[in-house]
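Data block below; observations after.
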Amino acid sequence: MSALVEVQNLSKIYQRGKQKIEVLHHVQLAIEQGDFMALMGPSGSGKTTLLNLIGGLDSPTDGSITIGGKRIDRLSEGALAKWRASNVGFVFQFYNLLPMLSARKNVELPLLLTHLSAAQRKRNAAVALELVALADRAAHKPSELSGGQQQRVAIARAIVSDPTLLVCDEPTGDLDRQSGAEVLTLLQQLNRDHGKTIIMVTHDPKAAEFAKHTLHLDKGSLVEQSEPSRP
Amino acid sequence: MKYLQLIWSAMFRRKTRTIFTLLSVLAAFLLFGLLDSVRSAFASAASSVAGVDRLVTVSKISFTLSLPKSLLSGIEALPGVAKLTYANWFGGIYQDPKNFFANEAVADNFFDLYPEWQLSAAERTAFHNTRTGAVAGESLARKFNWKLGDKIPLQATIFPQKSGGNTWTFDLVGIYRVSNPKQKNQESALFFNWDYFDEARAFGNGNVGWYITQVSDRTLAQQVAQAVDALSTNSDHETKTQTEQAFNAAFVSQYGDIGLIVGAIMGAVFFTLILLTGNTMAQAVRERIPELAVLKTIGFSNQSVLGLVLAESVLLIVLGGAIGLVLAGVVVDAVRAALGEAVPMTRVGASIWLRALGLMVLIGLIVGALPARRAMRLRIVDALAGR
């Protein structure tokens with residue numbers, strides 16, 4: 001397997017008033033294509049910042065991020081937006097669905113940026129919802145769905161444009177254990193059966209067990225890389 | 001079009017607020033439609049293409065001052081003069097001062113200079129032969145349910161009769177029609193015989209209110225106008241001659257600058273509307289910051305997000321404005337149907353719609369500009385973190 005994500009000497013410093021806060025400190029990281037990586041660490045350790053940088057939501061202060069052979073830290077804001085649209089799927093802790101749109105319309109959102117016809121968008125969204133076992137709830141608004149179902153809709157939205165990389169920020173943080181397990185199983189299935197490379201930030205060691213590898217961050221530095229938890 | 005549902009659903013995210021905002025936009029454009037209809041009516045009265053070959057001669061001091069009838073022969077003799085007539089404002093009241101309409105004493109050949117006013121030969125003859133004869137416009141006759149042969153009493157406000165009476169009674173012998181729908185407001189006047197008026201009035205006999213000259217060639221209008229005015233230079237009745245079009249424009253301006261008045265009212269209304277809807281849009285975007293951040297996260301560019309917010313703002317104004325303008329059209333049609341063409345209102349037609357649509361888009365862009373800029377500039381990581 002080749003490295004899909006290569007992070008070299010990555011630093012991120014935030015300016016809060018007059019104070020400079022170094023959130024990430026010379027991080028070196030490589031994630032193979034097809035990996036399922038859990039990123040753990042205490043609050044404020046820089047997990048979400050690292051995830052945002054790998055997902056192209058933020059730009060580093062120093063260092064480089066290469067994804068699929070492309071230096072995304074050098075891309076302009078516009079180019080980065082285009083890159084995200086076709087290469088990364090995002091799953092958030094609080095689902096972040098648009099409340100006024102149905103599940104299907106939420107899933108269709110990333111496809112609005114493509115040249116697909118309306119019929120094709122609808123078909124692709126239906127396939128994605130089928131994959132997360134929510135085809136029967138396509139017409140429902142987020143408020144009519146449970147937390148677990150909303151997160152599955154968010155996963156369908158993340159995969160509908162068939163990105164190589166999924167970045168998930170505490171995807172089970174707002175769910176009960178059973179719904180959380182369903183979501184993690186789904187992620188595992190997407191990794192195993194569909195070859196998606198997944199990076200997941202979590203606090204929960206039980207959730208991390210669903211990943212193939214676990215990384216630990218502390219005070220902005222990687223402190224440990226676990227052996228594969230599930231080969 | 002593929003973004004329409006996204007924009008539409010964002011707009012109606014808070015239904016009650018959006019409906020109230022739409023109502024305020026609707027009210028503003030309803031008012032715009034009504035006022036612009038009035039303004040257009042005055043503007044078209046002043047710029048009618050009919051009358052470019054007719055000259056109006058009035059006193060240079062004030063058009064309310066009369067001119068001697070002796071000028072008639074001098075003007076008639078000028079080269080380039082094809083036809084000449086004269087008239088006098090009467091200002092009579094029919095039953096109630098609220099029933100205002102123009103009424104004038106006119107010379108026998110008056111209608112020869114207005115071929116666009118259709119009057120049958122029999123009615124012309126009757127007007128010619130009936131000393132107390134009067135001719136009314138069709139809209140006016142319809143408004144008061146007048147029929148040929150009716151007696152129409154007018155109370156004099158300026159000209160009492162020699163006999164001391166104040167009531168002038170005319171026999172309706174003709175009803176004229178104007179075929180051009182844009183000039184239908186010209187059907188709301190009453191004309192009666194000059195001879196009867198001049199003989200019976202208590203004062204002012206031998207004077208006319210104004211002369212109307214038809215030139216043989218419209219390119220001669222300026223030259224003839226100068227020649228007419230030259231006839232009375234340095235006299236006590238100097239004249240001012242201009243095309244009927246220019247005269248109408250000047251006459252309308254006596255009411256005040258309608259365009260300026262309408263503009264000032266609508267300026268205040270739209271300024272308030274901009275503040276109101278601007279606040280609504282700002283609030284709507286503030287509430288949706290995390291959702292806009294999600295759109296950016298999944299690949300919407302800054303410009304796309306800017307466009308979405310601006311489109312939402314424009315759609316909000318256009319939707320409310322269009323409903324308001326449709327309602328204005330209904331109201332104008334109802335008023336015109338009820339009160340006839342005497343009401344200075346034009347139909348809410350294409351030109352009013354175009355002006356209104358331009359305003360709607362402009363207001364939409366102004367209202368959406370700041371919230372859209374904010375949406376465009378938001379940093380995804382800050383917005384997702386609720387900062």
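Taken together, the values in this text are just the output of simple stated rules run on the coordinates, not laboratory data. Values in this document were obtained by computation on a predicted structure and should not be read as measured data. Quick reminder, even Gly has a Cβ in these numbers, built from the backbone with ideal geometry, and neighbours come from all protein chains shown.
Projected area of the stretch B:116-158, taken from the Cα convex hull and averaged over every viewing direction, in nm²?
Working: hull surface 16.3 nm².
Result: a mean projected hull area of 4.1 nm².
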Share of antiparallel DSSP beta bridges in the protein assembly as shown, in percent to the nearest 5?
65 percent
Subtract the Cα-Cα distance of B:R377 and B:I323 from 0.36 nm times their separation in residues, and report this length gain in nm to one decimal.
16.1 nm
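To the nearest 500 deg cm²/dmol, what mean residue ellipticity at 222 nm is calculated for chain B from DSSP H runs of n ≥ 4 alone, each contributing -39,500 (n - 2.57), summed and divided by the residues?
Numbers: 13 runs with 197 residues, N = 387.
Computed mean residue ellipticity for chain B: -16500 deg cm²/dmol.
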Connecting C-alpha atoms closer than 10 Å in a GNM of chain B, tell me which of B:G165, B:G278, B:G321 has the biggest fluctuation.
B:G165
Using bins 10 angstrom wide from zero, how does P(r) for the stretch B:1-134 break down, in % of all Cα pairs?
8, 21, 27, 14, 9, 10, 10, 2
Inverse mean reciprocal Cα-Cα distance (Kirkwood Rh) of the stretch A:72-146, Å:
13.6 Å
Unit Cα scatterers, Debye sum, the stretch A:1-160: log10 I(q)/I(0) for q = 0.12, 0.20 Å⁻¹:
-0.64, -1.23
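Measure up A:K47/A:K196; A:K12/A:K82; B:K69/B:K98; A:K82/A:K122; A:K70/B:K296; A:K141/B:K296 against 25 Å on the Cα-Cα distance and list the ones that go over.
Details: A:K47/A:K196 20 Å; A:K12/A:K82 23 Å; B:K69/B:K98 33 Å; A:K82/A:K122 21 Å; A:K70/B:K296 20 Å; A:K141/B:K296 21 Å.
In this structure, B:K69/B:K98 exceed 25 Å between Cα atoms.
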At 222 nm, what value in deg cm²/dmol follows for chain A if DSSP H runs of at least 4 each add -39500 (n - 2.57) and the sum is divided by all its residues, to the nearest 500?
-9500 deg cm²/dmol
So what's the angle, to the nearest 10 degrees on a 0 to 90 scale, between helix A:118-131 and the longest Cα principal axis of chain A?
70 degrees
Once both label points are put 7 Å beyond Cα along the C-beta direction, the B:A268-B:A369 separation in nm becomes 2.4 nm
Sum up the charges of everything whose Cβ sits under 14 Å from the Cβ of A:A133, counting Lys and Arg as +1 and Asp and Glu as -1, but leave A:A133 out.
-2
Calculated over the stretch B:61-237: convex hull of Cα atoms, volume per residue (Å³)
134 Å³
Sticking with the crude label model, points 7 Å out along Cα→Cβ, report the distance from B:A202 to B:R286 in nm, one decimal please.
7.1 nm
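Can you tell me the mean projection area, over all orientations, of the convex hull of the stretch A:140-204's alpha carbons? Units nm², please. Please list the in-between numbers first.
Numbers: hull surface 17.7 nm².
Approximately 4.4 nm², given one-decimal rounding.
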Pairwise FRET efficiency - B:A350 versus B:Q5, Cβ, R0 = 30 Å, nearest 0.05
0.50
Averaging sequence separations of C-alpha pairs under 8 Å and six or more residues apart, then dividing by the length of the stretch B:61-237, give the relative contact order as a whole percent.
35 percent
In Hz, Karplus ³J(HN,Hα) per residue of the stretch B:62-76 (6.51, -1.76, 1.60; θ = phi - 60°; x = Gly, Pro):
7, 6, 7, 7, 8, 10, x, 5, 5, 5, 3, 5, x, 5, 4
Pair-distance profile P(r), taking every C-alpha pair of the stretch B:211-281, with 10 angstrom steps and integer %:
17, 26, 20, 14, 11, 10, 2
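Among DSSP bridges having both ends in chain B, what percentage is antiparallel? Round to the nearest 5.
Working: 32 of 42 bridges.
Around 75 percent of the beta bridges assigned by DSSP in chain B are antiparallel ones.
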When chain A is treated as a GNM, springs tying every alpha-carbon pair under 10 Å, which of A:V23, A:V153, A:V107 comes out with the largest mean-square fluctuation?
A:V23
Total formal charge among the other residues, if their Cβ is under 15 angstrom from that of B:G91, Lys/Arg +1 and Asp/Glu -1:
0
Principal axes of the stretch A:103-191: Cα extent on each, largest first, Å:
39, 29, 18
Taking 51 Å as R0, compute the FRET efficiency from the Cβ-Cβ separation of A:R71 and B:K15 and round it to 0.05.
0.65
Where in chain B are the DSSP H helices whose alpha-carbon span along the long axis reaches 24 Å or more and whose Kyte-Doolittle mean is at least 0.5?
B:15-46, B:258-287, B:302-339, B:350-377
4 °C / 1.567 mPa s Stokes-Einstein diffusion coefficient of the stretch B:267-387, Kirkwood radius on C-alpha pairs, µm²/s
80 µm²/s
Which value, in debye to the nearest 20, gives the size of the charge dipole of chain A about its Cα centre, when Lys and Arg are +1 and Asp and Glu are -1 at the Cβ?
680 debye
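The protein assembly as shown: percent of C-alpha pairs farther apart than 39 Å?
Working: 101985 of 190653 pairs.
Tail of the P(r) past 39 Å holds 53 percent of the pairs.
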Computed log₁₀ I(q)/I(0) - Debye formula, equal Cα scatterers, no solvent, chain B, q 0.07, 0.08, 0.12, 0.13 Å⁻¹
-0.49, -0.58, -0.92, -1.03
Helix A:177-194: angle to the longest alpha-carbon principal axis of chain A, degrees 0 to 90, nearest 10?
90 degrees
